[in-house]
Amino acid sequence: WRWLNVQFGNGRHFVGNGYRSMLLSDNTSPYPYLKLAALSTNGRFQYTTIHPKLVVFERLPTGSSAESLFYWKRASFHHGSVNLGRVQLGLFESTIWKSIDSNGVAPLQPLELNPVIGLNTLVNGFNGPNHQLLGADVKVKLTDKAFVYGQLCTDGPSQQRFGWQAGMQWFDIAGSHFHVLLEYDRAAAFLYANGDPRVNHAHMGQPLAHPLGAFFDEAVAIVDWR
């Protein structure tokens, strides 16, 4: 591996297309995190794992004071990608851990430190106390200035809870400063949700993925000329 980067910070992250990502966007408020990233010596393989502390917009039952602390939850975000030249492929996994229950703060589970994408979902399943989201992303370079991209995710395949994104972007059309982006996003009802709302795919009452949340269809067209 060429490098291993370790960060502590307070910020936001995204996988894909900024705030419109179906996996992890930069739409939410900042959150504290530990981030580890590694890149292979040939530059083709990259792996990132983020361990944040997220906030639930619900006060802890510690009394009648309006300034009681909010519920919080730990999470694990994993993303691995491979660059095949004109094609880039990625896998994503999110686990929102049930960190506080009726007995208080739950102890750290060994799986919270697991770096292997897919293992948490295999052990926890989609119907357990923790919330699992699996996804994939792809980007295909058509020319030096045009590419297509897409994302697919699910947190309940047996309930048909899927979300997807398909788009294309073209820069400097006909040699001018004219750029076009066309995109379509779709999310099924109850995607990113959980039977326990304190463990949903959200932070500070804001979706961690697309800002519209779930149960939507969105067509995007952006034309930019300078």
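The values are calculated or read from the model by the stated rules, or taken from the named source; none is laboratory data. The structure presented is a predicted model; accordingly, all values stated were derived computationally and were not measured. Cβ atoms come from the backbone with ideal geometry, glycine included; neighbour counts cover every protein chain shown. Just so you know, the surface numbers come from the protein's heavy atoms only, side chains and all, with ligands and any DNA or RNA stripped out. Shrake-Rupley method; radii C 1.70, N 1.55, O 1.52, S 1.80 Å.
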- Message: Take the conditions out of contact with any Pro (no Cβ under 6 Å at 6 or more places or on another chain) and open to solvent by 20 Å² or more (accessible area, probe 1.4 Å) and apply them to GLU183. Does it pass?
- Response: no
- region 209-225 - residue that is in a loop (DSSP other than H, G, I, E, B) and in contact with an Asp or Glu (Cβ under 8 Å, 6 or more places away or on another chain) and, of those, farthest from GLN165 (Cα to Cα): LEU212
- Filter result (within 18 Å of GLU93 (Cβ to Cβ), open to solvent by less than 70 Å² (accessible area, probe 1.4 Å) and not β-branched (Val, Ile, Thr)) within region 151-166: GLN151, CYS153, ASP155, GLY156, PRO157, ARG161, GLY163, GLN165
- Task: Would you check if there is a residue in region 123-140 being open to solvent by 50 Å² or more (accessible area, probe 1.4 Å), part of a helix (DSSP H, G or I), among the hydrophobic types (A, V, I, L, M, F, W, C) and touching a helix residue (DSSP H, G or I) at 6+ places or on another chain (Cβ under 8 Å)?
- Result: yes
- Message: Among the residues in region 167-174, are any in a strand (DSSP E or B), open to solvent by 10 Å² or more (accessible area, probe 1.4 Å) and β-branched (Val, Ile, Thr)?
- Response: no
- Query: Among the residues of region 1-34 satisfying the criterion of being under 26 Å from GLN165 (Cα atoms) and among the polar types (S, T, N, Q), which is farthest from the chain's Cα centre (by Cα)?
  - Reply: SER29
- Sole miss for ALA37 among (1) over 10 Å from the mean Cα position of the chain (by Cα); (2) under 24 Å from GLY167 (Cβ atoms); (3) without any contact (Cβ under 8 Å) to a residue 40 or more places away in the chain is condition (2)
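Within region 1-24, how many residues turn out to be surrounded by 12 or more Cβ atoms within 10 Å (Cβ to Cβ) and among the charged types (D, E, K, R)?
Looking only at that region, the number is 2.
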- Note on the structure: For region 194-210 the number of residues that are over 14 Å from ARG12 (Cα atoms) and open to solvent by 30 Å² or more (accessible area, probe 1.4 Å) is 7
